[in-house]
Amino acid sequence: MRTQALVVADDPAIQNWLQTVAPGAEFSLARPSSVEDLVERIHASGRIDVVFFEFSTGSAATHAGIIERLLERVPDIAVAGVGEEGDPALMLAAMRAGARDFFILRRDDANVAALLGRLLRRAAAAPAPGSVRKQGRLFGVMSALPYDGIAFLAEHVALACAERMGKNERTLLLDVAIPAGAASIFLNLNQPYGVLDAINDGSRCDATLVDTAFARHPSGLYVLSLPEDIITRPPIDAEELVRLLGVLRTLFACVVVAFDGHLPSDVLRGVIGLADRTVFLTDQSILKSRHSKYLLRSLRLDDCPLDRVGLVVDNYRKRVGLEPQNLSELLDLPVAATLSTQPSNRIQAMNQGEPMFTCVPKDEYCAGVRQLAQALIAGEATAAPAPQSGLLGRLFN
(Lines give C-alpha, C1' and ligand atoms only; values in the text may rest on other atoms or scores of the structure.)
Protein backbone atom coordinates (compact mmCIF):
# COMPACT_ATOMS: atom_id res chain seq x y z
CA MET A 1 0.00 0.00 0.00
CA ARG A 2 1.46 3.33 -1.07
CA THR A 3 2.15 5.96 1.56
CA GLN A 4 -0.30 8.87 1.33
CA ALA A 5 1.16 12.30 2.14
CA LEU A 6 -0.06 15.88 2.10
CA VAL A 7 2.37 18.70 1.34
CA VAL A 8 1.39 22.06 2.81
CA ALA A 9 3.45 24.47 0.72
CA ASP A 10 3.23 27.60 -1.37
CA ASP A 11 5.93 26.33 -3.73
CA PRO A 12 4.84 23.31 -5.82
CA ALA A 13 8.52 22.48 -6.38
CA ILE A 14 8.55 20.92 -2.91
CA GLN A 15 5.84 18.42 -3.85
CA ASN A 16 7.61 17.66 -7.13
CA TRP A 17 10.92 17.08 -5.33
CA LEU A 18 9.38 14.73 -2.77
CA GLN A 19 7.56 12.77 -5.48
CA THR A 20 10.79 12.42 -7.47
CA VAL A 21 13.00 11.23 -4.60
CA ALA A 22 10.33 9.02 -2.95
CA PRO A 23 8.35 7.49 -5.85
CA GLY A 24 6.89 4.84 -3.54
CA ALA A 25 4.65 7.43 -1.90
CA GLU A 26 1.84 9.64 -3.20
CA PHE A 27 2.24 13.36 -2.45
CA SER A 28 -0.68 15.78 -2.77
CA LEU A 29 -0.21 19.55 -2.60
CA ALA A 30 -2.42 21.40 -0.08
CA ARG A 31 -2.90 25.09 0.62
CA PRO A 32 -5.38 25.02 3.53
CA SER A 33 -7.05 28.26 4.55
CA SER A 34 -7.08 27.23 8.23
CA VAL A 35 -6.34 24.36 10.57
CA GLU A 36 -10.00 23.35 10.38
CA ASP A 37 -9.70 23.18 6.59
CA LEU A 38 -6.61 20.96 6.87
CA VAL A 39 -8.23 18.63 9.42
CA GLU A 40 -11.33 18.28 7.21
CA ARG A 41 -9.15 17.42 4.23
CA ILE A 42 -7.27 14.79 6.24
CA HIS A 43 -10.49 13.16 7.42
CA ALA A 44 -12.12 13.38 3.99
CA SER A 45 -9.19 11.67 2.30
CA GLY A 46 -9.78 8.49 4.26
CA ARG A 47 -6.08 7.99 5.00
CA ILE A 48 -3.19 10.40 5.28
CA ASP A 49 0.01 8.91 6.71
CA VAL A 50 2.16 12.04 6.95
CA VAL A 51 1.87 15.80 6.45
CA PHE A 52 4.87 17.79 5.20
CA PHE A 53 5.06 21.52 5.89
CA GLU A 54 7.18 23.98 3.94
CA PHE A 55 9.42 26.09 6.19
CA SER A 56 10.70 29.27 4.57
CA THR A 57 11.33 32.73 5.96
CA GLY A 58 7.83 33.77 4.97
CA SER A 59 5.93 30.65 6.01
CA ALA A 60 7.73 29.44 9.15
CA ALA A 61 5.66 31.25 11.78
CA THR A 62 2.32 30.41 10.14
CA HIS A 63 3.17 26.76 9.53
CA ALA A 64 4.59 26.31 13.04
CA GLY A 65 1.27 27.51 14.46
CA ILE A 66 -0.69 25.19 12.16
CA ILE A 67 1.44 22.20 13.21
CA GLU A 68 0.82 22.89 16.90
CA ARG A 69 -2.93 23.16 16.44
CA LEU A 70 -3.06 20.19 14.05
CA LEU A 71 -1.32 17.93 16.58
CA GLU A 72 -3.76 19.02 19.27
CA ARG A 73 -6.60 17.70 17.09
CA VAL A 74 -4.87 14.79 15.33
CA PRO A 75 -2.07 13.83 17.75
CA ASP A 76 -1.21 10.52 16.10
CA ILE A 77 -0.42 11.88 12.64
CA ALA A 78 3.21 12.05 11.48
CA VAL A 79 4.40 15.58 10.71
CA ALA A 80 7.66 16.70 9.07
CA GLY A 81 9.17 19.97 7.93
CA VAL A 82 10.82 20.69 4.58
CA GLY A 83 13.11 23.60 3.89
CA GLU A 84 16.16 24.93 2.14
CA GLU A 85 19.64 24.25 3.46
CA GLY A 86 21.48 27.00 5.32
CA ASP A 87 19.02 28.31 7.92
CA PRO A 88 19.03 26.24 11.14
CA ALA A 89 16.38 28.57 12.60
CA LEU A 90 13.79 27.09 10.22
CA MET A 91 14.59 23.56 11.38
CA LEU A 92 14.34 24.68 15.00
CA ALA A 93 10.97 26.29 14.38
CA ALA A 94 9.63 23.08 12.86
CA MET A 95 11.00 20.83 15.60
CA ARG A 96 9.75 23.05 18.41
CA ALA A 97 6.29 23.10 16.85
CA GLY A 98 6.15 19.29 16.92
CA ALA A 99 7.58 18.08 13.59
CA ARG A 100 9.18 14.68 14.01
CA ASP A 101 11.78 15.23 11.30
CA PHE A 102 13.07 17.84 8.88
CA PHE A 103 13.98 17.24 5.24
CA ILE A 104 16.54 19.44 3.46
CA LEU A 105 15.37 20.30 -0.06
CA ARG A 106 17.72 18.92 -2.74
CA ARG A 107 20.26 17.77 -0.17
CA ASP A 108 18.53 14.69 1.23
CA ASP A 109 17.77 13.15 -2.18
CA ALA A 110 19.40 9.81 -1.41
CA ASN A 111 17.94 9.59 2.11
CA VAL A 112 14.31 10.71 1.74
CA ALA A 113 12.90 7.21 1.31
CA ALA A 114 14.77 5.94 4.39
CA LEU A 115 13.86 9.01 6.44
CA LEU A 116 10.21 8.70 5.43
CA GLY A 117 10.18 5.01 6.35
CA ARG A 118 11.65 5.75 9.78
CA LEU A 119 9.15 8.55 10.33
CA LEU A 120 6.23 6.25 9.56
CA ARG A 121 7.62 3.43 11.73
CA ARG A 122 7.92 5.78 14.71
CA ALA A 123 4.39 7.05 14.15
CA ALA A 124 3.02 3.50 13.93
CA ALA A 125 4.87 2.45 17.09
CA ALA A 126 3.70 5.46 19.10
CA PRO A 127 1.39 4.72 22.06
CA ALA A 128 -2.26 5.59 21.87
CA PRO A 129 -3.02 9.31 21.81
CA GLY A 130 -3.24 10.84 25.28
CA SER A 131 -1.15 8.15 26.97
CA VAL A 132 2.15 10.05 26.71
CA ARG A 133 3.37 13.51 25.79
CA LYS A 134 3.62 14.44 22.13
CA GLN A 135 7.37 14.99 22.48
CA GLY A 136 9.83 14.30 25.24
CA ARG A 137 11.38 17.13 27.18
CA LEU A 138 14.85 18.37 26.28
CA PHE A 139 17.14 19.99 28.84
CA GLY A 140 20.62 21.39 28.19
CA VAL A 141 23.55 21.57 30.61
CA MET A 142 26.36 23.81 29.39
CA SER A 143 29.35 25.88 30.47
CA ALA A 144 31.49 28.45 28.69
CA LEU A 145 34.66 26.39 29.20
CA PRO A 146 35.07 22.62 28.83
CA TYR A 147 35.49 20.88 32.20
CA ASP A 148 34.40 17.71 33.97
CA GLY A 149 31.63 19.43 35.92
CA ILE A 150 29.41 19.66 32.82
CA ALA A 151 29.02 15.91 32.31
CA PHE A 152 28.93 15.37 36.09
CA LEU A 153 25.98 17.72 36.55
CA ALA A 154 24.23 16.45 33.40
CA GLU A 155 24.58 12.87 34.65
CA HIS A 156 22.93 13.70 37.96
CA VAL A 157 20.22 15.88 36.37
CA ALA A 158 19.38 13.01 34.00
CA LEU A 159 19.23 10.48 36.85
CA ALA A 160 17.07 12.83 38.93
CA CYS A 161 14.73 13.42 35.98
CA ALA A 162 14.50 9.66 35.41
CA GLU A 163 13.39 9.24 39.03
CA ARG A 164 10.46 11.53 38.28
CA MET A 165 9.43 9.98 34.98
CA GLY A 166 6.64 7.43 34.70
CA LYS A 167 7.40 3.73 34.98
CA ASN A 168 7.49 3.17 31.22
CA GLU A 169 9.15 6.48 30.28
CA ARG A 170 12.80 6.52 29.26
CA THR A 171 15.53 9.11 29.85
CA LEU A 172 18.64 9.71 27.74
CA LEU A 173 21.88 11.48 28.64
CA LEU A 174 23.65 12.76 25.52
CA ASP A 175 27.16 14.12 26.18
CA VAL A 176 28.99 16.12 23.50
CA ALA A 177 31.06 18.12 25.99
CA ILE A 178 34.80 17.98 26.52
CA PRO A 179 36.49 16.10 28.20
CA ALA A 180 35.26 13.50 25.73
CA GLY A 181 33.43 10.50 27.08
CA ALA A 182 33.14 11.89 30.62
CA ALA A 183 29.49 10.81 31.07
CA SER A 184 30.30 7.20 30.20
CA ILE A 185 33.39 7.19 32.42
CA PHE A 186 31.55 8.66 35.41
CA LEU A 187 28.85 5.99 35.04
CA ASN A 188 31.38 3.19 34.39
CA LEU A 189 29.85 2.28 31.05
CA ASN A 190 31.48 0.56 28.11
CA GLN A 191 30.21 2.42 25.06
CA PRO A 192 30.77 0.74 21.70
CA TYR A 193 28.08 2.99 20.18
CA GLY A 194 28.18 6.73 20.82
CA VAL A 195 26.96 10.16 19.78
CA LEU A 196 28.90 10.25 16.51
CA ASP A 197 27.45 6.88 15.51
CA ALA A 198 23.93 8.08 16.29
CA ILE A 199 24.44 11.23 14.21
CA ASN A 200 25.71 9.16 11.29
CA ASP A 201 22.77 6.77 11.68
CA GLY A 202 20.22 9.57 11.83
CA SER A 203 18.18 8.09 8.99
CA ARG A 204 17.61 4.84 10.88
CA CYS A 205 17.47 5.97 14.51
CA ASP A 206 14.40 4.30 15.99
CA ALA A 207 13.31 2.31 19.03
CA THR A 208 15.01 -0.84 17.75
CA LEU A 209 18.36 0.93 17.42
CA VAL A 210 17.95 2.43 20.90
CA ASP A 211 17.30 -0.98 22.46
CA THR A 212 20.10 -2.75 20.63
CA ALA A 213 22.91 -0.16 20.44
CA PHE A 214 22.58 2.55 23.11
CA ALA A 215 24.52 2.03 26.35
CA ARG A 216 22.30 1.63 29.40
CA HIS A 217 23.14 2.22 33.05
CA PRO A 218 21.79 -0.21 35.70
CA SER A 219 19.47 2.61 36.82
CA GLY A 220 17.77 2.42 33.41
CA LEU A 221 19.33 5.65 32.10
CA TYR A 222 20.43 5.51 28.44
CA VAL A 223 23.75 7.19 27.59
CA LEU A 224 25.40 8.47 24.42
CA SER A 225 28.73 10.28 24.62
CA LEU A 226 31.82 11.02 22.56
CA PRO A 227 34.57 8.36 22.35
CA GLU A 228 36.88 8.91 25.31
CA ASP A 229 40.00 8.28 23.21
CA ILE A 230 39.56 11.14 20.74
CA ILE A 231 42.40 13.66 20.81
CA THR A 232 40.69 16.64 19.18
CA ARG A 233 37.04 17.58 19.17
CA PRO A 234 35.29 15.97 16.18
CA PRO A 235 33.29 18.26 13.86
CA ILE A 236 29.56 18.21 14.62
CA ASP A 237 27.09 19.52 12.08
CA ALA A 238 24.39 21.67 13.69
CA GLU A 239 21.59 20.53 11.37
CA GLU A 240 22.43 16.86 11.84
CA LEU A 241 22.57 17.20 15.63
CA VAL A 242 19.28 19.13 15.78
CA ARG A 243 17.65 16.54 13.54
CA LEU A 244 18.91 13.73 15.80
CA LEU A 245 17.64 15.53 18.91
CA GLY A 246 14.26 15.97 17.26
CA VAL A 247 14.11 12.23 16.62
CA LEU A 248 15.29 11.36 20.12
CA ARG A 249 12.54 13.51 21.65
CA THR A 250 10.02 11.14 20.06
CA LEU A 251 11.80 8.11 21.55
CA PHE A 252 12.52 9.37 25.09
CA ALA A 253 10.37 11.13 27.67
CA CYS A 254 13.42 13.18 28.68
CA VAL A 255 16.73 13.99 26.97
CA VAL A 256 19.54 15.80 28.83
CA VAL A 257 22.31 17.23 26.62
CA ALA A 258 25.76 18.12 28.01
CA PHE A 259 27.73 20.60 25.88
CA ASP A 260 30.28 23.39 26.21
CA GLY A 261 30.93 26.82 24.76
CA HIS A 262 33.80 25.71 22.54
CA LEU A 263 31.37 24.09 20.12
CA PRO A 264 30.59 26.08 16.94
CA SER A 265 28.10 28.89 17.48
CA ASP A 266 25.48 27.31 15.19
CA VAL A 267 25.58 24.14 17.32
CA LEU A 268 25.13 26.19 20.50
CA ARG A 269 22.23 28.12 19.00
CA GLY A 270 20.64 24.91 17.76
CA VAL A 271 20.73 23.05 21.09
CA ILE A 272 19.70 26.08 23.18
CA GLY A 273 16.94 26.93 20.72
CA LEU A 274 15.51 23.41 20.77
CA ALA A 275 15.80 22.85 24.53
CA ASP A 276 12.85 23.44 26.83
CA ARG A 277 15.27 24.73 29.45
CA THR A 278 19.08 25.09 29.62
CA VAL A 279 21.24 25.51 32.71
CA PHE A 280 24.42 27.53 32.34
CA LEU A 281 27.12 26.25 34.67
CA THR A 282 29.86 28.39 36.22
CA ASP A 283 31.59 28.83 39.58
CA GLN A 284 32.87 31.67 41.73
CA SER A 285 36.20 32.02 39.91
CA ILE A 286 36.94 35.20 38.00
CA LEU A 287 38.27 33.20 35.03
CA LYS A 288 35.14 31.13 34.41
CA SER A 289 32.98 34.16 35.08
CA ARG A 290 34.78 36.31 32.53
CA HIS A 291 34.64 33.62 29.85
CA SER A 292 30.97 33.05 30.64
CA LYS A 293 30.28 36.74 30.11
CA TYR A 294 32.11 36.78 26.76
CA LEU A 295 30.28 33.69 25.50
CA LEU A 296 26.86 34.98 26.56
CA ARG A 297 27.59 38.34 24.94
CA SER A 298 28.46 36.55 21.69
CA LEU A 299 25.29 34.42 21.84
CA ARG A 300 23.15 37.50 22.41
CA LEU A 301 24.74 39.24 19.43
CA ASP A 302 23.88 36.11 17.40
CA ASP A 303 20.23 36.40 18.51
CA CYS A 304 20.42 33.12 20.39
CA PRO A 305 17.27 32.76 22.55
CA LEU A 306 18.46 32.90 26.19
CA ASP A 307 15.05 33.44 27.77
CA ARG A 308 14.92 29.77 28.86
CA VAL A 309 18.47 29.71 30.28
CA GLY A 310 19.16 29.74 34.03
CA LEU A 311 22.41 30.04 35.97
CA VAL A 312 23.82 27.22 38.11
CA VAL A 313 26.71 28.04 40.45
CA ASP A 314 28.88 24.95 40.93
CA ASN A 315 31.10 24.18 43.95
CA TYR A 316 29.65 27.09 45.88
CA ARG A 317 31.61 28.30 48.93
CA LYS A 318 30.67 31.10 51.29
CA ARG A 319 32.91 34.12 51.68
CA VAL A 320 35.04 33.64 48.57
CA GLY A 321 33.43 36.49 46.62
CA LEU A 322 31.20 36.41 43.54
CA GLU A 323 28.02 35.36 45.28
CA PRO A 324 25.27 33.80 43.11
CA GLN A 325 23.29 37.04 42.91
CA ASN A 326 26.43 38.94 41.88
CA LEU A 327 27.01 36.41 39.09
CA SER A 328 23.35 36.57 38.13
CA GLU A 329 23.53 40.30 37.58
CA LEU A 330 26.89 40.23 35.82
CA LEU A 331 25.82 37.47 33.42
CA ASP A 332 22.22 38.69 33.12
CA LEU A 333 20.81 35.24 33.88
CA PRO A 334 18.41 34.22 36.67
CA VAL A 335 19.76 31.83 39.29
CA ALA A 336 18.41 28.31 38.78
CA ALA A 337 20.47 26.55 41.48
CA THR A 338 23.45 26.91 43.80
CA LEU A 339 25.24 23.59 44.31
CA SER A 340 27.63 22.76 47.14
CA THR A 341 29.52 19.54 47.77
CA GLN A 342 32.44 18.02 49.59
CA PRO A 343 35.28 17.88 47.01
CA SER A 344 36.42 14.47 48.25
CA ASN A 345 32.91 13.04 47.77
CA ARG A 346 32.80 14.35 44.20
CA ILE A 347 36.16 12.80 43.30
CA GLN A 348 35.16 9.55 44.97
CA ALA A 349 31.99 9.33 42.86
CA MET A 350 33.88 10.11 39.64
CA ASN A 351 36.62 7.57 40.33
CA GLN A 352 34.24 4.81 41.43
CA GLY A 353 32.01 5.26 38.41
CA GLU A 354 28.96 5.68 40.60
CA PRO A 355 26.54 8.59 40.97
CA MET A 356 26.69 10.56 44.21
CA PHE A 357 23.08 9.47 44.72
CA THR A 358 24.48 5.97 45.29
CA CYS A 359 27.87 6.38 46.96
CA VAL A 360 27.34 9.56 49.05
CA PRO A 361 23.56 10.12 49.09
CA LYS A 362 23.69 12.53 52.06
CA ASP A 363 25.98 15.01 50.30
CA GLU A 364 24.12 18.29 49.82
CA TYR A 365 24.87 18.14 46.08
CA CYS A 366 22.29 15.34 45.77
CA ALA A 367 19.46 17.37 47.29
CA GLY A 368 20.41 20.43 45.20
CA VAL A 369 20.39 18.52 41.92
CA ARG A 370 17.07 16.85 42.70
CA GLN A 371 15.51 20.24 43.39
CA LEU A 372 16.95 21.55 40.11
CA ALA A 373 15.55 18.57 38.16
CA GLN A 374 12.14 19.06 39.76
CA ALA A 375 12.14 22.72 38.73
CA LEU A 376 13.17 21.86 35.16
CA ILE A 377 10.41 19.29 34.78
CA ALA A 378 7.84 21.59 36.34
CA GLY A 379 8.96 24.45 34.10
CA GLU A 380 9.17 26.74 37.11
CA ALA A 381 10.47 30.27 36.70
CA THR A 382 13.91 30.90 38.11
CA ALA A 383 14.67 33.60 40.63
CA ALA A 384 15.15 37.11 39.28
CA PRO A 385 18.62 38.62 39.69
CA ALA A 386 18.99 41.07 42.57
CA PRO A 387 20.60 44.45 41.80
CA GLN A 388 24.28 44.67 42.78
CA SER A 389 26.90 47.33 42.39
CA GLY A 390 30.46 48.28 43.33
CA LEU A 391 33.79 46.58 42.66
CA LEU A 392 32.32 43.29 41.35
CA GLY A 393 30.52 45.10 38.57
CA ARG A 394 33.64 47.03 37.59
CA LEU A 395 35.66 43.81 37.34
CA PHE A 396 33.58 42.84 34.27
CA ASN A 397 33.45 46.19 32.46
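The values are calculated or read from the model by the stated rules, or taken from the named source; none is laboratory data. Small disclaimer: the values here were computed from a predicted structure and weren't measured. Reconstructed Cβ throughout: ideal geometry from the backbone, glycine too, with neighbour counts over all protein chains shown. Protein only, heavy atoms only, side chains kept; ligands, DNA and RNA dropped before computing areas. Shrake-Rupley method; radii C 1.70, N 1.55, O 1.52, S 1.80 Å.
At-a-glance table
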quantity: Any strands (runs of 3 or more DSSP E) falling wholly within segment 262-377 and containing at least 3 residues that are closer than 30 Å to T250 by Cβ; calculated: 277-282, 309-313
quantity: Options A162, A180: the member that is in a helix (DSSP H, G or I), modelled with pLDDT of 85 or more and not aromatic (F, W, Y); calculated: A162
quantity: Looking only at segment 180-221, and only at residues there that are charged (D, E, K, R) and within 24 Å of A113 (Cα to Cα), the one that is most open to solvent (accessible area, probe 1.4 Å); calculated: R204
quantity: Lone qualifier among D87, D101 - being within 28 Å of L138 (Cβ to Cβ) and touching a Ser or Thr at 6+ places or on another chain (Cβ under 8 Å); calculated: D87
quantity: Any hit, segment 93-100, residues being open to solvent by 80 Å² or more (accessible area, probe 1.4 Å), farther than 21 Å from P12 by Cα and modelled with pLDDT under 90; calculated: yes
quantity: Every residue from segment 26-59 that is closer than 21 Å to E84 by Cβ and among the aliphatic types (A, V, I, L, M); calculated: L29, A30, V50, V51
quantity: Residue count for segment 115-154, restricted to those that are of a type in the set (V, I, T) and at pLDDT below 95; calculated: 1
quantity: Condition met for F252 (of a type in the set (A, V, I, L, M, F, W, C) and either on the phi > 0 side of the Ramachandran plot or under 12 Å from the mean Cα position of the chain (by Cα) (or both)); calculated: yes
quantity: Some residue of segment 23-30 being under 17 Å from R100 (Cα atoms), modelled with pLDDT of 90 or more and out of contact with any Pro (no Cβ under 7 Å at 6 or more places or on another chain); calculated: no
quantity: Residue pairs meeting the criteria (Cβ under 8 Å; at least 6 apart or on separate chains; first open to solvent by less than 60 Å² (accessible area, probe 1.4 Å), in segment 291-308; second charged (D, E, K, R)); calculated: L296/D332; L299/R269; C304/R269; L306/R300; R308/D276; R308/R277
quantity: Exclusive hit being surrounded by fewer than 24 Cβ atoms within 10 Å (Cβ to Cβ) and at pLDDT below 95, set R277, R269; calculated: R269
quantity: Of all residues making up segment 21-73, the number that are in contact (Cβ under 8 Å) with a residue 60 or more places away in the chain and either over 31 Å from the mean Cα position of the chain (by Cα) or surrounded by fewer than 12 Cβ atoms within 10 Å (Cβ to Cβ) (or both); calculated: 1
